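The values are calculated or read from the model by the stated rules, or taken from the named source; none is laboratory data. Please read these numbers as outputs of a predicted model, since none were measured by experiment. Every residue, glycine among them, receives a Cβ derived from its backbone with ideal geometry; neighbour counts consider all protein chains shown. Note: accessible area is taken over every heavy atom of the protein model, side chains too, but ligands, DNA and RNA are not part of it. Shrake-Rupley method; radii C 1.70, N 1.55, O 1.52, S 1.80 Å.
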Amino acid sequence: MDEFISAFLKNASGKNFQKLAVEFLPHYSALTSKAGGMLSPETVGCIQKALQEGKLSDLVGQIQEVLAAAENASLAIAVIGESGAGKSSFINALRGLSHEAEESAAVGTVETTMYRTPYQHPKYPQVTFWDLPGTGTPKFLPETYLEKVEFASYDFFIIISSSRFSVNDALLAQKIKDVGKKFYFVRTKVDSDLYNEEKTKPTTFKKEKVLQKIRDYCLANLSDIGVSEPRIFLISNFDLADFDFPKLEETLLMELPGHKRHTFALLLPNISDASIEIKRNFLKEKIWLEALKSSALSFIPFMPFLSGFDLPEQEQCLKDYRSYFGLDDKSVEEIAAQLGTSVEDIRGSLKCLDFWSLVKDDSIAAKIMKCAESFSAVEGGLGSSVFQGLKVYILRLKFLDTVANDAKCLLKMI
């Protein structure tokens with residue numbers, strides 16, 4: 001079957017596919033202007049070239065390569081900080097786990113991280129957070145620290161402090177920079193600082209003024225110990241939606257390689273409407289690729305019957321989107337427990353749980369379109385291509401929008 005498809009695609013070029021290219025090119029031109037998308041400008045250029053030249057085989061190959069890279073991308077995130085800085089809490093927050101969860105990173109006021117400890121994301125096993133021991137402890141001296149933690153193996157580094165950054169932090173940052181890796185300074189426990197400031201100075205307390213004071217102090221601190229133009233993000237591990245965590249998200253998404261951006265975007269917790277929109281935009285980009293691939297393959301006669309977007313695939317697609325946005329069955333149960341309400345009440349407010357209501361259409365127009373789709377699938381060519389491309393795009397987008405909108409509604413309840 002694969003050899004037949006390959007042979008057909010190589011010969012399925014010409015004027016018909018040129019017409020299809022005219023329809024899709026404007027959308028892919030729009031993709032090139034998206035900041036931080038999963039497609040690099042080079043990849044978009046290759047797709048555009050294949051479309052313009054009518055090379056179906058090249059087009060399908062490019063799309064399959066991009067989708068496989070995004071699906072299989074691994075991500076290793078190193079979190080470094082001295083004991084008590086909040087790195088384990090930071091890891092738990094990004095993994096969507098409470099400190100009491102069985103698989104959570106150990107949290108304590110003493111040196112709880114004794115070795116470089118991996119923590120897989122519960123939904124995305126290819127994503128690993130590495131809880132690295134602090135450099136200021138007797139067991140981990142600066143002279144031998146980097147070799148012990150195998151620092152060259154991570155995608156990027158989060159250097160955490162709950163007060164002032166140390167000379168050891170500056171040395172680490174320089175070493176990380178020397179091997180061409182990215183690092184980001186994160187100042188944790190900002191919520192505690194604000195609370196203490198308000199308790200001690202209730203009449204003069206101003207939140208923004210205190211935050212600016214903390215930021216200026218960190219900048220001066222890092223400049224004094226030799227870090228030029230440091231990027232600092234103020235966060236609370238217990239309220240990621242507040243302070244600078246959204247800026248940290250945006251920065252990481254801009255600076256990661258394209259295929260790894262997709263993985264990172266999906267693991268981000270639903271902390272705000274903006275974070276939900278980030279996921280939606282990345283998945284929209286993937287929908288365009290899936291639709292274009294389906295459209296190209298549907299030039300082959302009978303192919304939609306063999307590998308089309310049928311009901312089982314549609315149902316799985318909806319389940320995947322629910323999982324990405326934290327609306328799978330397990331997550332719904334956890335949210336219900338968190339809110340102190342019944343699972344039935346939560347489920348009753350979610351439109352994405354009713355698959356058949358999203359796909360069922362008994363209208364005469366829908367039945368006519370179904371017959372036309374089947375007829376065109378037998379013939380193949382441009383008609384089948386347009387039918388299948390639109391079907392994949394419209395249904396996937398409908399599933400995505402329903403799930404994303406449900407996630408936003410549920411976020412308001414939490």
Over segment 325-394, the quotient of the Cα radius of gyration and 2.2 N^0.38 Å is 1.71
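List the equivalent ellipsoid semi-axes of segment 259-414 in whole Å, largest first, each obtained as the square root of 5λ for an eigenvalue λ of the Cα gyration tensor. Could the numbers behind the result be given before it?
Details: eigenvalues 219, 67, 24 Å².
Taking √(5λ) for each Cα gyration eigenvalue gives 33, 18, 11 Å.
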Net charge dipole size for the chain [Lys, Arg +1 and Asp, Glu -1 on Cβ; Debye, nearest 20]: 840
Could you state how much accessible area GLU208 has, in square angstrom rounded to the nearest 10, with a 1.4 Å probe and all protein chains kept in place? 130
Specify the longest stretch of the chain that does not include any exposed loop site, a site being one of the chymotrypsin sites (Phe, Trp or Tyr not before Pro) with a non-H, G, I, E, B DSSP assignment and at most 14 other Cβ atoms within 10 Å. 1-114
In whole Å, what are the extents of segment 300-351 along the principal axes defined by its C-alpha atoms, from largest to smallest? 54, 17, 11
Accessible area per residue in Å² at 1.4 Å probe, computed on the chain: 50
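So if I place +1 on the C-beta of Lys and Arg and -1 on the C-beta of Asp and Glu, and nothing else carries charge, what would the dipole magnitude of segment 249-398 be about its Cα centre? I want it in debye, nearest 20. The partial results should precede the final answer.
Values: 18 positive and 22 negative charges, 86 e Å.
Charge dipole, segment 249-398, about its Cα centre: 420 debye, nearest 20.
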Accessible area (Å², 1.4 Å probe, nearest 10) - THR263: 10
First check a/c for segment 121-276, with a ≥ b ≥ c the square roots of the eigenvalues of its C-alpha gyration tensor; if it is under 1.5, answer rounded, and if not, answer prolate when a/b is larger than b/c or oblate otherwise. oblate
Give me P(r) over segment 216-347, computed from all C-alpha to C-alpha distances, binned every 5 Å, as integer percentages. 2, 8, 12, 14, 15, 13, 11, 8, 6, 5, 3, 2, 1, 0
How much mean residue ellipticity at 222 nm does the chain get from its helices, if each DSSP H run of length 4 or more adds -39500 (n - 2.57) and you divide by all residues, to the nearest 500 deg cm²/dmol? -19500 deg cm²/dmol
Please list, short to long, the whole-number percent of alpha-carbon pairs of the chain in consecutive 10 angstrom bins beginning at zero. 4, 19, 25, 22, 16, 9, 4, 0
Give, as a single signed number, the net charge of other residues whose beta carbon lies under 15 Å from the beta carbon of ALA220, with Lys and Arg counted +1 and Asp and Glu -1. +1
Given unit charges at Cβ for Lys, Arg (+) and Asp, Glu (-), the dipole magnitude of segment 315-387 about its Cα centre in debye, nearest 20, is 200
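Give me the percent of the accessible area of the chain that comes from carbon and sulfur atoms, probe 1.4 Å, all protein chains in place.
54
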Given an 8 Å cut-off on Cα distances and at least 6 residues of separation, report the relative contact order of the chain as a percent. 17
By the Kirkwood definition, with r running over pairs of different Cα atoms, segment 144-210 has a hydrodynamic radius in Å of 14.2
